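To keep things clear, I will list the structure first and then write my remarks on it.
Read-outs throughout are calculated quantities, based only on the coordinates presented, and are distinct from any laboratory measurement. All values derive from a computational prediction rather than experimental measurement. Cβ placement follows ideal geometry from the backbone for every residue including glycine, while neighbour counts extend to all protein chains displayed.
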Amino acid sequence: QVQLVESGGGLVQAGGSLRLSCAASGPTFNIMGWFRRAPGKEREFVAATDWIGSTTSYADSVKGRFTISRDNAKNTVYLQMNSLKPEDTGVYYCAADRPGKLSTTSGDYDSWGQGTQVTVSS
């Protein structure tokens, strides 16, 4: 399993931006995804990308505001979050899946980071 470490979380006002990073322990040809868990809620899918970065998928709630990208030379995946809303608050997790079809189901992902907190104030 690949080791994943997230960073970039923090406190931001509504309408602001943050960029999360997920550093992998080595080269990965995996599907990479971002999930989040809001207080009192189940973990939910946010975004995913294939190995090349040419195919992406987003939750409807973040389409047009969030962008997932990856730099394979740095073994890093990013989540650019713009126009943040209070409902985006939560712990954001990076996850890796085996190569194949993009999945929005957390159970399909094999490796997980420890999470990074994002708090959006109104």
Quick one: Cα centre-to-centre distance for the stretch 1-53 and the stretch 82-118, in angstrom?
5 Å
HN-Hα J couplings of the stretch 94-104 from phi, Karplus 6.51/-1.76/1.60, θ = phi - 60°, integer Hz, Gly and Pro as x?
9, 9, 10, 10, 5, x, x, 6, 4, 10, 9
Let me check I've understood the local charge: for ARG98, count other residues with C-beta under 9 angstrom from its C-beta, Lys and Arg +1, Asp and Glu -1. What total comes out?
-3
Counted charge near PRO27, where neighbours are those whose Cβ lies closer than 14 Å (Asp, Glu -1; Lys, Arg +1)
+1
Taking 0.36 nm per intervening residue step and subtracting the Cα-Cα distance, what contour gain separates ARG43 from THR119 on full extension?
25.8 nm
Loop-located trypsin sites (Lys or Arg not before Pro) in the stretch 28-122 whose Cβ has at most 15 other Cβ within 10 Å (DSSP)
LYS41, LYS63, ARG65, LYS74, LYS101
What is the distance, in nm, between label points placed 7 Å from the Cα along the Cα-to-Cβ direction at THR105 and at GLU87?
2.6 nm
For the chain, calculate the relative contact order in percent as a whole number, restricting contacts to Cα pairs under 8 Å that are 6 or more residues apart.
37 percent
Give me the lysines in straight-line cross-link reach of LYS63: C-alpha distance below 21 Å, same-chain residues under 8 apart excluded.
LYS41, LYS85, LYS101
